[in-house]
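What follows is calculated from the coordinates using simple rules that are stated; it is not laboratory data. Source: prediction; values computed, not measured. Neighbour counts run over all protein chains shown; Cβ positions are idealised from the backbone, glycine included.
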Amino acid sequence: MPRSQGRANLTHADRARVIRYLQAQVTALGELKYGAVAAAARLHRCHRNTVSAVWATREAPADDSNESCGRPPKLSNSDVAARIEACPLRQRTTVRAASAAPGIPHSTLQRHITTTGGLKRVSSHVKPSLKHAQKLVRVAFALSLVERPLGMSVSCEHAERTVRSVTNRH
């Protein structure tokens, strides 16, 4: 598929097509034929300088990573984690509070969370266990939903014994 005029960058597939086309235009001496770059530019709908740049860098490894771009971070991920761990748990209940307590910008903390895979979620709330009467009510309700053949019935005393045996095991 031809490339539209004015697009910012060539894709890897476009680069490969340009290089394959130009490799077919190489003479026996290893040089490009006259007009091969201009013909490739017309064929792939890009500027001849773009084709020349692709041909010049054809053996260089394609590294499109942006790791070395931009300003380096002031705090590393380990520094951010250490500062957050140094704050008491009460001061880092939310992301906003966790960024304010150690004096870390909110955006830095968000970046840390996304690059490291997040923070551990900790809950200090423990669900209360059921009382004996509540267990009896639940077992009685569950037994009321079970259909038994004629002649077999379950009494409340049997349900109470079942609850006691279950609670004694744990």
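Points to keep in mind about this one:
- Within region 77-116, the percentage of alpha carbon pairs spaced more than 16 angstrom apart rounds to 20%.
- Compactness of region 12-56, expressed as Rg and Dmax over alpha-carbon positions, Å: 9.6, 28
- Sites R48 and R71 - FRET efficiency at Förster radius 35 Å, r taken between beta-carbons, to 0.05: 0.50
- Cβ-to-Cβ counts within 10 Å put E160, E59 in ascending order as E59, E160, the fewest first.
- Estimated translational diffusion coefficient (Stokes-Einstein, Kirkwood radius over Cα pairs, 20 °C, 1.002 mPa s) of region 23-123: 117 µm² per second.
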